[in-house]
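Undergrad: For reference, the structure I am asking about is given below.
The values are calculated or read from the model by the stated rules, or taken from the named source; none is laboratory data. As the structure is a computational prediction, the values presented were derived from the model and not from experiment. Virtual Cβ from ideal backbone geometry, glycine too; neighbours counted across all protein chains shown.
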Amino acid sequence: MNQHSQIQNTETVAETGPAERGRINLLFLLAPLAVLALAIAWLYSANPLASFNNGAPPVESLTVERTILDQGGLRLLVRAGGSEPMRIAQLQVDAAYWEFEQVPAGPIARGDTAWVSVPFPWVLGEAHRVTLVTNTGATFDHEIAVAVPTPVVTSANLFSQAVLGAFVGILPVAIGLMFYPALRSAGAATMNFLLAMTMGLLAFLLVDSFVESLELAAQSAAIFQGPVMATLAAMASFLLLMGVSRRKGRPAGLALATYIALGIGLHNLGEGLAIGGAFAAGSAGLGTFLVMGFTLHNITEGIGIAAPILKVRPPLWTFAGLALLAGGPAVVGMWIGSLAYAPQWSALALAVGAGAILQVVVEVALFLMHSDDRRGSSTLLSAPVLAGLAAGVGFMYLTAMLVKI
Amino acid sequence: MITVGDVDNERNGFDPTAMLTDWDMGTVSTLPDGRTLRTFEVAAEDKEIEIAPGVMFPAWTFNGRVPGPALRAKEGERLRIVFRNNGSHPHSMHFHGIHAARMDGIPGAGLINPGEEFVYEFDAKPFGCHLYHCHALPLARHIHKGMYGLFVIDPDPARHPDQANVARSRLRGTPENAEWQELAMVMNAFDTTFDGENEFYACNTIAHCYAKKPIKILRDRPVRIYLVNVTEFDPINSFHLHANFFDYFDQGTTLTPTSKTVDLIVQCQAQRGILEFSFKDHEPGLYMFHAHQSEFTELGWMGMFDVVEVLS
C-alpha cells in the first residue's frame, strides 16, 4: 500500500511542472486578496454595519503642526485626522471670531494638511489662543504661549543658529577630545573607568532621548501613532547599526569611536531640532547661561569618543571628523528645527538617536568585557567600571540641571 | 487677605489717590458764534505699569496712565479731542456720547495707525457720567490692556431751570459744586497671563490701593462718586458701601436718582453712574467699600474711606 501511494505521488509531482506550480501559488496569493476585495465591496454596497450607526457625528481630529507669526498675522499648518474629511468653518483668536483664509480651500482629507492664515495683530511677548471651529461645531484649541516673530531664512539667522549649534554641539565635543593626549598614558584601571564613564553618559543620553522623543511624539497628530513610531524607530536604528557594525566583526578602536560619535550625532540632531523648534515658538529665551550649560553638559561626550582610541594613534584629521560627526548635526538640527518645525520629525530623530546610542552602549560593554581577557564579564562589576558608570550618569544628570526648564 | 507691599507710584507716573480728584478740564476758548470750545489732548502710548506690588503689566495707555485722563466738560460745549497714536498698535477713542458716525472711533472712523493723529469733534451731550475707550480689534485686548477713561459731562443749569440748584451742584467750578467731595473711580481688572481670566481686580488700577491708603473724607461734606466699570472677561462688577446707603443715578443722565437709598449697585462693562452719600450722621472711622463679588474683593478690589472731622 505504502509503496503504491508513493509511486502515485511521484507521478503527480512529475506532472506539475514549475510553471504550473507558479500559477497555483499565484492563485493562492490572489484568493485572500479577492476575499478582502469582496468584503470591502460588500461593506460599502450593503452597509451591513448600519445598525452600529447611532447618529453620532464623525470623529474629528485637528493638530496644529507649525505656527508662523509675521507682519501679516498668524499662519498655522493644520493636519486633519478625522474619520471623514474635515471642514474648518470658523476661527477664533482669544475668544473672538476672525476672518481667515485656508490653502488649499475646502475639506481636509484624513492625513492631509492645509495652511490657515489669519490677519490677527498679535502682541509681542503675550499669549494667544487660536480655536478652530469645524462644520459640526467641534472646536480645537491651539495655544501660542509666547508670541514672537518666527525666524525666517536669512544668512544672518542661519549664521547665528550655526554659531549656537557649534557652541552646544561641536565645541564641547572638541574640548572633550582635547583630553586625548593627557589620557593616552592611562593604565588599565583608568581605561576601564573612562570607558565605563562613556557608558554612563550614553545611558543617560539613551533615557533622555527616548523620554523626550515620547514627549514630542505625544504632541504630534494621532495618525503618526507617535509612541509606536518612536519605539519602532529606536529598535530599527539599533538593529540596523548592530548589523552594519558587525559586518567586519566586533567594532573596536577607531570604528567603535566612530559609532559612538554617530550615536551622539543623531542625538544632537534631535536635540537641535527640539531647541530650534522651542526657540522659534518663543518658549525658550536662550540666555548665555543656558548655552553654557549645554556646552558643559556635552563635554563628556568628547571624552567618551576618545576613550576607545586611546591605545591606537589615529591621524589628526580623524579627530576633526569625529567632532563634526558628533557635534555637527546640532547645527543642522537647529536650522531645520527653527525653520521647519514639526513635533513628529523631532520625535523621530530623537528615537533614531536613542537606538544608535543603545548600539554603542552594547558595543562599549562588550569591548570592556573583552579588553581584559582573564576576567571577562566580571570586569563589568569591577570597582573602576562601577565608579565610571556612576561618574558618567552623575555628571550628565547634574549638568542637565543647568539646562532643564 | 490682601496683597503684600506697596506700588511705586512715581515709577508708574500716576498716583491712585491723586487720580481720584484729577479731572482733565482741557483748554477753553470761544468759537466765533460765542459757544465754548473745549480742547483735550490725548496720546496713546505703550507703558509697563505696576498694577500690584511687584507685578508689572505691559499696558497700553492714554496719556501714560490707567485709567486714562478723566475728561470733564459742560453740557452744550463744543468738544475737540486731539488724539495722537504713539503706541505700537492701531488705536482709537470711542466716546459714549452723541456724535456723528465719522467720529465714532471704530475701524474706518477715527481708528489710526501708530504715528498718526485724529481730531474727534462733537457737542458735549447728553450730560452724565460716561466713558471712552479704544475700539480697535481685538476689542477685548485693547480694553483690558488699559485703554479707557471717564468722560463726564456736567449739566448746564440754564438748560434745567426746574432743577437748577441740583445742576449747579454737579457743575464743576460753581460754589455749590465745591461743597461736594467728588471722586473719580474706574473699576478695572488685569489678566496678567492673557488666558481670558483676571488675576488682579482694582478700583483705579492698583490692587488694594485704597485699603492700604484710605481715602480721607470730611464728615460734614457730601460725597459724590463718578463710577464706571470697564472690567473685561467678567460679566459684571459691583460697588458696595459699608455702614451707609447712597442714591444712585444710572449713567448720570438724570438729576433725580434712579435708585434711592441703596448700599449696592451692579454694573456690566461700560455701565456707569453717580453715587451720592454723606457721613454727616456717622462717627469718624474707617468705612469699607468694595465689589460684592467676594472673589474680586480679595483679589484687589477693596478700599476704605477714612471719615474725619478735619483734614490733617
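Undergrad: Being of a type outside the set (F, W, Y) and at pLDDT 85 or above is true for just one of A:A365, A:A400. Which residue is that?
TA: Going through A:A365, A:A400 in turn, the sole match is A:A365.
Undergrad: If a residue must be in contact (Cβ under 8 Å) with a residue 40 or more places away in the chain and more than 22 Å from A:T300 (Cβ to Cβ), how many such residues does segment A:159-176 contain?
TA: Residues in segment A:159-176 being in contact (Cβ under 8 Å) with a residue 40 or more places away in the chain and more than 22 Å from A:T300 (Cβ to Cβ): 2 in total.
Undergrad: Would you tally the residues in segment A:12-66 being in a loop (DSSP other than H, G, I, E, B) and farther than 30 Å from A:P149 by Cα?
TA: Counting residues in segment A:12-66 that are in a loop (DSSP other than H, G, I, E, B) and farther than 30 Å from A:P149 by Cα gives 13.
Undergrad: Please state which one of B:G173, B:G146 is assigned to a loop (DSSP other than H, G, I, E, B) and over 30 Å from B:M288 (Cβ atoms).
TA: Result: B:G173 is the single residue among B:G173, B:G146 that is assigned to a loop (DSSP other than H, G, I, E, B) and over 30 Å from B:M288 (Cβ atoms).
Undergrad: Right, something else. Can you spot a residue in segment A:125-132 that is within 14 Å of chain B (Cβ to nearest Cβ), β-branched (V, I, T) and closer than 30 Å to B:E48 by Cβ?
TA: Taking every residue of segment A:125-132 in turn, at least one turns out to be within 14 Å of chain B (Cβ to nearest Cβ), β-branched (V, I, T) and closer than 30 Å to B:E48 by Cβ.
Undergrad: Here's a follow-up. Does B:E276 satisfy being over 30 Å from A:A95 (Cβ atoms), in a loop (DSSP other than H, G, I, E, B) and away from every other protein chain (no Cβ under 14 Å)?
TA: In short, no.
Undergrad: Would you call A:L324 surrounded by fewer than 24 Cβ atoms within 10 Å (Cβ to Cβ) and over 21 Å from the mean Cα position of the chain (by Cα)?
TA: Spelling it out, it is not the case that A:L324 is surrounded by fewer than 24 Cβ atoms within 10 Å (Cβ to Cβ) and over 21 Å from the mean Cα position of the chain (by Cα).
Undergrad: Among the residues of segment A:380-399, write down those that are without any contact (Cβ under 8 Å) to a residue 60 or more places away in the chain and under 27 Å from the mean Cα position of the chain (by Cα).
TA: Answer for segment A:380-399, where residues must be without any contact (Cβ under 8 Å) to a residue 60 or more places away in the chain and under 27 Å from the mean Cα position of the chain (by Cα): just A:L398.
Undergrad: Looking only at residues that are crowded, with 19+ Cβ neighbours inside 10 Å and touching a Leu at 6+ places or on another chain (Cβ under 8 Å) in segment B:190-209, which one is nearest to A:D94 (Cα to Cα)?
TA: B:N198
Undergrad: Oh, and also: Please determine, by comparing only the residues of segment A:79-122 that are at positive phi, in contact with a helix residue (DSSP H, G or I) (Cβ under 9 Å, 6 or more places away or on another chain) and among the small types (G, A, S), which one is nearest to the other protein chains (Cβ to nearest Cβ).
TA: Result: A:A95.
Undergrad: Hey, among B:I98, B:I143, B:I106, which residue is within 14 Å of another protein chain (Cβ to nearest Cβ), surrounded by fewer than 24 Cβ atoms within 10 Å (Cβ to Cβ) and at pLDDT 95 or above?
TA: B:I143
Undergrad: What pairs come out if I take residues in segment A:120-139 that are outside any loop (DSSP other than H, G, I, E, B) and pair them with residues that are of a type in the set (K, R) whose C-beta lies under 8 Å away, six or more apart or interchain?
TA: The qualifying pairs are A:T134/A:R87.
Undergrad: Quick one: A:S83 ticks every box in (1) hydroxyl-bearing (S, T, Y); (2) assigned to a loop (DSSP other than H, G, I, E, B); (3) over 28 Å from A:Q225 (Cβ atoms) bar one, so which box is it?
TA: (3)
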